[in-house]
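Quick note: the coordinates plus some simple rules give every number you see, no bench work behind them. Source: prediction; values computed, not measured. Neighbour counts are summed over all protein chains in view; Cβ atoms, including those assigned to glycine, are modelled from backbone coordinates with ideal geometry.
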Amino acid sequence: MAVAGTLNHRRSGLSRLFEAYGQEFVVLGAIVALFVIVGAVNPRFLGDNNLINIFSGNAYIAVAAIGMSLVIITGHIDVSVGSLIGVLATIAGTLAVQGYPVWVAWTVPVLVGVAINTFVGALVAYARIPSIVVTLGMLSILKGGLISVTGGTWITDMPPEFFIAQKRLFGIPAPVYFMVILTMLMAFWMHYASLGRAIYAVGGNPEAARASGLYPERVCVLAFAMHGFFAGIAALLFATQLQVIQSTVPPNLELTVITASVIGGVSILGGTGTVIGSTLAAILFACISSALVFLNVSAYWLRAVLGLLILATVLADMTRRRRHRAAGRL
Amino acid sequence: MSRYLLRHEAILAVLLALALAVLAMQSDRFFTVENLLNQGRLMAEVGLVALAMTFVIVSAGIDLSVGSILGLVAILLGVFWQKLGMPLPLAMVLGIVVGGLAGLVNGIIITRFRVPPLIATLATLALYRGLAEGISQARSVRGYPEWFFVLGQGEVLGVPTQLWIFLVCAVAAAVVLGMSTFGRATYATGANIVAARFSGIPVDRTILLIYTASGLIAGLAAIIFVSRVSTTRSDMGTGLELDVITAVVLGGTSIFGGRGTIIGTLLGLILMQALKNGLALAGVKGDGTIVVIGLILIATIIISNLVRRDTDG
Amino acid sequence: MSALIELSGISKSFANVRVLQDISFDVRAGEVHALVGENGAGKSTLIKIMGGVHRADAGEMRVDGEAANFTSPRAAATKGIAVVHQELLLFPDLSVAENIFMGHALRAKWGGLDWPQMRERARALLDRLQSQHIDVDARVGALSVANRQRVEIARALSQDARVLIMDEPTASLVEEDVQQLLSIVRMLREKGVGIVYVSHKLPEIFALADRVTVLRDGARVGTAAIGELDERKLVSMMVGRPIDQLFPKRDTSIGAPLLELRKLGFGGVVRDVSLTLRAGEILGIAGLIGSGRTETALTIFGITPATSGEILVDGKAVSIHSPQQARDLGIAYVPEDRGLQGLVRPQSIQENVSLTVLKTLAKGGLIDHRKEERLARESIAKFGIRARGPRQIVKQLSGGNQQKVVLAKWLATEPRILIMDEPTRGIDVGAKSEIHALMSALAARGLGILMISSELPEVLGMSDRVLVMKNGTLVAEFDRADATAEAVGAAMTLANASGEAA
């Protein structure tokens, strides 16, 4: 065992960086490889317009995945985020159509998202119901509630200043700024704030966290509340990227968001992962979808290819992790 | 353990009785033989998959891919029969076999590569649905022969065919889970997989079998589904996994594994279906019932948690 | 010298069960005060009250002479009281430095966490503990148990602990690490830290403690300076009765070979292990953790099937690739980690006992529940398991009774070869001698027992022959007559000294 310690000591900074951020590098590598290969086959893939579309059209998934990562790192899961985003987007659109000031239409959904998920977090932390059960219930409630209230109609005629996702700064669409800035802020917060570290601590070992003077229940509620905030932002980006909002739940959105977190290196068992990884993974998915179009693959095969890639990444990750564990036991 | 389960099932039974009473008062069309049998018909597909899901969750796993397997098998049924010109009975059998293979693949990913079931089946959920979409190219298959509809639209002795199939499967599942060595291996695996392995339980084989059975039964449900709605589409069974898991968890099966019963799952299923139907009859629109189911799910777990905490002190 | 912490008249109940009654206890600066007692005597509750996890119902606690009433572990920590938990409450995925400062992280001027300073101070703290080899950036999950423990001690020191409470710190350490830990404890004592030392291992207590307090059934039996006690006296204070024979080993007639290993190997962990186990024999295997003793057992039992060499049962070569095969050959394995590997704790005694013999209890795949219950009742009677009945949940039983359930479930398979890995770890003195008597009786009935143990007295007291393992292979063999603590200990530690130098 002393030997393992010495080995650790001698390792170079680079290999340490790779060990700590292995999955992020894998995803980044996959993105780069995709650009090189697809770009070679069809140069239009690398065109400004396409790249901007890829990034801005999927930024809301990356933003939602930030919150999902927080929840998963804390050791929980949320399968209701897709429904929540659907509900919040509808609220935003409805407020805008009914003539409320734009800032109301922007802030109310975010606040509602925080409120709903704070409640969910409290059920998980204090009523001790497994998060998958609570959020499964919330999924039904939000989805059913949304459709029975709105009937799934289209919302149109929002005032032009409402469409925040269509605004540009220096030629780059606003969603890209949201994605990049929020990711960096959160990455920073999770590294340098004691509450950010508490999220890792509670997810890694709740008992030890309690013995260290942290309050696992409060940290859990905080993670869910922040997740609600990010779901709110994601809903705004989602609601304002097109001229219309369909007041239903975007199909399979929760799975895309969870998958982005997990592929980005967030361990489903809690305690590890970063939001940089989840954002990279969200970008990777968007690139894959777009690449298939440029490679002339029928859109109907899109999901199969995506599924296969997810599976391949998961298997590669498990193998890498097992090696890592074996090394730890040395 | 058994005492906890009894308590949970008792709470559920009381809830069910209450719901039935309220629903019967709301509408006189609810408590008719015709309506009840029809509800049984509608429940059969979710019910079949929930039986296998009970094993999956008791073994501390989860299978999110069942809806996608259902869609894939439905599409393949049409392709085998119409495009490849197979006899329909052969296409049905082959379809179910493919369902079993899809489940086996889940099992292999979980046991060989040690991928957590949630992640493994999340990935195959996308993969299997993708295959269904890719193979079908969004074209539906219709025009099945008349005899085929016996399965999904016919009756045997006045009871819907698929309800018979479901009942037979339910009894078999209850016996296997509650009384057989395989059932005991499932509980032990779910409660402590390491101790089960050290006790000479073939853990990996048990898990493989459970996921394969889950795939097989999703395939069977697909055939019944196609027979009931007379057509094949690639989006069939979307969201099925959530209905199924809700029914199983509502029935008292611990999401962490190690405990749960088929009786509980049956109660959960009936409660869900009764609510859907009763609320529809009472004029609540289809999606409103989903809200009630979500509320009931959360409420049941809270109540049973409270009761447990009181008695365990 | 005045007391750093002083408790008087402390009482505590849980759900109307009195766990502690009128306990007085104190720790002075620069002393090691041992706290001993059987499991359930109330030691951990007392520790938790001092550490701020629980609050006493009655009584008074003074820190530096001032009344104190901790509402949380953090409140205790700010008063300089830190606990090194038995289960090592650490975060496996986080770095060593972060583990040390979790909950009281250092901040930079701008308000964020000051990582460079935390790493630097973590380095200094570990160096103070003679742990230069631990990398502050390493993941704690990748460290050995002994190193994790040092991280936890460093954690306590980082909060300027003046009272350090150590809950069975050597329970999962091997002899060599134990010696290093003891020297760290002595060093801390020298610096004026007051240490509460909880342990089941009497030799350590005599080697280390200045005073000893004995608890029994929630009451204090007495406090004495170590010089006033000897081992026999201490045990009788703990148990409440004198134990006449610590190791009731009977002489048995040793029969034909049951199990033979010929150059058995698994990966690099088990190398060329050859041994013969005979009927009626207790064969002890001593060695450090990682020396390959548990790994050898796992290979025999088919958990990690052999990659080279031969296993012979009754002189016939067999291949064992799964525990099922091992069981069918008459091999049973009572594993090292009772809670994880031995028992399905949320299930009943009945379900646990029958788990190994489900097939023989079943007809056509269905379990005969009456037969199953009869088996459980017989086991409870035969092994003296103290339980309400066959349907009692296993996790409600004491450690000793849980171990008896593990034994019962494996003896239900009617094995002829019994491998016991740490058969009495974490079990109190009374239950220990019951298990030893049982082993002796089983050997007398003709079973061959392969016993792996970290406790030298147990190995010496129970074995007919003693084998010593090192680096995955056997390095020494002693007959019962020649197996002295010095000889066996030397074989283990000498072997290790050369390994450590590498």
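What is the distance, in nm, between label points placed 7 Å from the Cα along the Cα-to-Cβ direction at A:Arg168 and at C:Gln180?
6.3
In segment C:16-114, which trypsin sites (Lys or Arg not before Pro) are in a loop and have at most 10 other Cβ atoms within 10 Å, using DSSP for the loop call?
Filter output for segment C:16-114: C:Lys109.
If each of A:Ile52 and B:Met25 carries a label point 7 Å out from its Cα toward its Cβ, how far apart are those two points in nm?
In this crude spin-label approximation the distance works out to 6.3 nm.
Quick one: longest stretch of chain B between exposed loop trypsin sites (Lys or Arg not before Pro), exposed meaning at most 16 other C-beta atoms within 10 Å and loop per DSSP?
B:143-284
List the DSSP H helices in chain B whose Cα atoms stretch 20 Å or more along the helix axis and whose mean Kyte-Doolittle hydropathy is at least 1.0.
Within chain B the helices that satisfy the rule are B:2-26, B:33-58, B:88-112, B:117-136, B:161-179, B:203-229, B:262-281, B:286-312.
Near C:Lys191, which lysines are there with a Cα under 26 Å away, not counting those fewer than 8 places off in the same chain?
List returned: C:Lys43, C:Lys48, C:Lys79, C:Lys201.
Report, in whole Å, the centroid distance computed from the Cα atoms of segment A:69-130 and segment B:217-268.
28
Could you let me know the centre-to-centre spacing of segment C:271-309 and segment C:323-380, using Cα atoms, in angstrom?
23
With a/c under 1.5 counting as rounded, go ahead and sort segment A:162-251 into rounded, prolate or oblate using the C-alpha gyration tensor (a ≥ b ≥ c being the square roots of the eigenvalues; past the cut-off, prolate if a/b is larger than b/c, else oblate).
oblate
Quick check on the protein assembly as shown: helices-only [θ] at 222 nm, where DSSP H runs of length 4 and up contribute -39,500 (n - 2.57) each and the sum goes over total residues. Nearest 500, please.
-18500 deg cm²/dmol
To the nearest Å, what is the center-to-center distance of segment C:397-414 and segment C:94-140, using C-alpha atoms only?
Taking the Cα centre of segment C:94-140 as reference, the centre of segment C:397-414 is 43 Å away.
So how strong a dipole does chain B carry about its Cα centre when Lys and Arg Cβ are +1 and Asp and Glu Cβ are -1, to the nearest 20 debye?
Once rounded to the nearest 20, the dipole reads 500 debye.
What distance in nm separates the two pseudo spin-label positions at B:Leu306 and C:Gln117, each 7 Å out from Cα along the beta-carbon direction?
Distance between the two pseudo-spin positions: 4.9 nm.
Given springs between every Cα pair under 10 Å in a Gaussian network model of chain A, which of A:Ser83, A:Ser131, A:Ser194 has the largest fluctuation?
A:Ser194
Picking from A:Thr94, A:Val180, A:Leu308, whose Cα lies most toward the positive end of the charge dipole for chain A (charges on Cβ: Lys, Arg +1; Asp, Glu -1)?
Among A:Thr94, A:Val180, A:Leu308, the one farthest towards the positive end of the dipole of chain A is A:Leu308.
With an 8 Å cut-off on Cα pairs and a minimum separation of 6 or more residues, tell me the relative contact order of chain A in percent.
Relative contact order comes out at 34 percent.
Out of A:Ala187, A:Ala225, A:Ala312, any idea which swings most in a Gaussian network model of chain A, alpha carbons joined below 10 Å?
Among A:Ala187, A:Ala225, A:Ala312, the largest mean-square fluctuation in the Gaussian network model of chain A belongs to A:Ala312.
Using alpha carbons only, how many degrees (0 to 90, rounded to 10) separate the axis of helix C:145-158 from the longest principal axis of chain C?
So the inclination is approximately 10 degrees.
Mean-square fluctuation check for chain A, GNM, Cα pairs under 10 Å: which of A:Met179, A:Met318, A:Met190 is largest?
A:Met318
Mind pulling the angle between the C-alpha long axis of helix C:115-128 and the longest principal axis of chain C? Nearest 10 degrees, somewhere in 0 to 90.
70
Taking 8 Å as the Cα distance limit and 6 or more residues as the minimum spacing, I'd like the relative contact order of chain C as a percentage.
In percent, rounded to a whole number, it is 15.
Relative to the longest principal axis of the C-alpha atoms of chain C, give the angle of the C-alpha long axis of helix C:485-501, reported between 0 and 90° and rounded to the nearest 10°.
The angle comes out at about 70 degrees.
Please work out whether the protein assembly as shown counts as rounded, prolate or oblate from its C-alpha gyration tensor, where a ≥ b ≥ c are the square roots of the eigenvalues and a/c under 1.5 means rounded, while otherwise a/b larger than b/c means prolate and anything else oblate?
It is prolate, given that a/c is not under 1.5 and a/b is the larger ratio.
Considering Cα pairs under 8 angstrom that are at least six residues apart, work out the relative contact order of segment C:1-88 and quote it in whole percent.
31 percent.
Can you give me the long-range amide H partners of B:Glu155? Hydrogens built in the peptide plane at 1.01 Å from N, cutoff under 5 Å, separation of 5 or more residues or another chain.
Long-range HN contacts for B:Glu155: B:Thr161.
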